[in-house]
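As structure tokens, the structure follows; a few thoughts come after it.
The values are calculated or read from the model by the stated rules, or taken from the named source; none is laboratory data. Computed from a predicted structure; not experimentally measured. Heads up, the Cβs are rebuilt from the backbone with ideal geometry, glycines too, and the neighbour counts pull from every protein chain shown. Accessible surface areas use protein heavy atoms only, side chains included; no ligands, DNA or RNA. Shrake-Rupley method; radii C 1.70, N 1.55, O 1.52, S 1.80 Å.
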Amino acid sequence: MNPAADNRPLALVTGASAGIGLEIARELARRGFDLVVTGRSDRTDTAAAELRALGATTCPVRADLASYDGVEDLWARTRALGRPLEVAVVNAGIGIGGAFADIDLADDLALIDLNVKSVVHLAKRVVADMIPRGRGRILMTSSVSATQPTPYETTYGPSRAFVYMFAESLRAELLEHGITVTALLPGATDSDFHANAGMGATRFGDNSWKNDKRLVARQGVDALLAGKDAVVGGGRATKFAAFRNRFLPERVKAARHARMARPS
């Protein structure tokens, strides 16, 4: 990137090699942002090439954000550009399907490392960068799963509940500094998320009924740029489900999710 040649604002998007993260990056590129995008695979470079075709100067960073060094490397690469970070999209996350008793402890802890620890770690760096400038916008991807128990995704739902409450808490602290924090709560979305989570043999393995990831990304970016506190990502059915979850008993929500997520 050449900061002298390009006055477009800079945005960072984690988990941007596919799925909702890539669609968010595309939305930001179309709206005039340059980008730092991250992922763990060579798809990160492919995504960066697509984003450049949309007019965004793009810096791809391949990093494992589940590790401390991965987050630090990403932040060092971002700071090395010498440009103010106007938007940070903390989106990277994974799921694990199956009965808790059957999942290796190492896998559950890896999920927590990425879905929880890396969120706090990167947010610490981003907030410290934005406060002195008195401006900035942060989008954190949570999930409708944050509003209910998630049996057979037993660590995933609680990790997203943490992100949701973390975003809301951080928002209350940062508004006086001119910084907004927005939580995006997608419902089930037509991406590779559930396949990667090993949930192909569940109701979630079928993408045909799920929300369009482009719609979810657009809703998230709209809410981010409007400075909203939270937005449910998806169509009417997803928004109604999130609303209904405010009133249903936890045991009812748990039983409903178990029917969807239990392997056949």
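Which of the residues belonging to the range 213-227 are of a type outside the set (A, V, I, L, M, F, W, C) and either out of contact with any helix residue (DSSP H, G or I) (no Cβ under 9 Å at 6 or more places or on another chain) or closer than 8 Å to Thr182 by Cβ (or both)?
Once the filter is applied, which keeps residues that are of a type outside the set (A, V, I, L, M, F, W, C) and either out of contact with any helix residue (DSSP H, G or I) (no Cβ under 9 Å at 6 or more places or on another chain) or closer than 8 Å to Thr182 by Cβ (or both), the range 213-227 yields Gln219, Gly220, Gly227.
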Which condition number in (1) surrounded by fewer than 20 Cβ atoms within 10 Å (Cβ to Cβ); (2) among the polar types (S, T, N, Q); (3) in contact with an Asp or Glu (Cβ under 7 Å, 6 or more places away or on another chain); (4) in contact (Cβ under 8 Å) with a residue 24 or more places away in the chain is the one that Thr182 fails?
(1)
One residue from Ile138, Ile103, Ile179 being farther than 29 Å from Gly82 by Cα and either among the β-branched types (Val, Ile, Thr) or in contact with a helix residue (DSSP H, G or I) (Cβ under 6 Å, 6 or more places away or on another chain) (or both)
Ile103
Candidates Ala172, Ala161 - the one that is outside any loop (DSSP other than H, G, I, E, B) and closer than 20 Å to Leu114 by Cα
Ala161
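Yes or no: Ala88 small (Gly, Ala, Ser), within 22 Å of Asp113 (Cα to Cα), at pLDDT 95 or above and part of a strand (DSSP E or B)?
yes
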Just to be sure, is Ala201 in contact (Cβ under 8 Å) with a residue 40 or more places away in the chain and touching an Asp or Glu at 6+ places or on another chain (Cβ under 9 Å)?
no
Considering only residues that are assigned to a loop (DSSP other than H, G, I, E, B) and in contact with a Ser or Thr (Cβ under 9 Å, 6 or more places away or on another chain), look in the range 211-258 and name the one that is most open to solvent (accessible area, probe 1.4 Å).
Arg246
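Here are some residues: Arg8, Arg77, Arg52. Which one is over 16 Å from the mean Cα position of the chain (by Cα), part of a loop (DSSP other than H, G, I, E, B) and modelled with pLDDT of 95 or more?
That would be Arg8, the only listed residue that is over 16 Å from the mean Cα position of the chain (by Cα), part of a loop (DSSP other than H, G, I, E, B) and modelled with pLDDT of 95 or more.
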Within the range 113-120, is there a residue that is acidic (Asp, Glu) and crowded, with 18+ Cβ neighbours inside 10 Å?
yes
For the subset of the range 21-50 comprising residues that are more than 16 Å from Phe193 (Cα to Cα) and of a type in the set (Gly, Ala, Ser), which member is surrounded by the most Cβ atoms within 10 Å (Cβ to Cβ)?
Ala25
When you check Gly134 against the structure, is it at pLDDT 95 or above, of a type outside the set (D, E, K, R) and open to solvent by 30 Å² or more (accessible area, probe 1.4 Å), yes or no?
yes
Pairs where the first residue, in the range 237-264, is touching a residue at least 40 places away in the same chain (Cβ under 8 Å) and the second is open to solvent by 80 Å² or more (accessible area, probe 1.4 Å), C-beta under 6 Å, 6+ apart:
Met260/Arg203
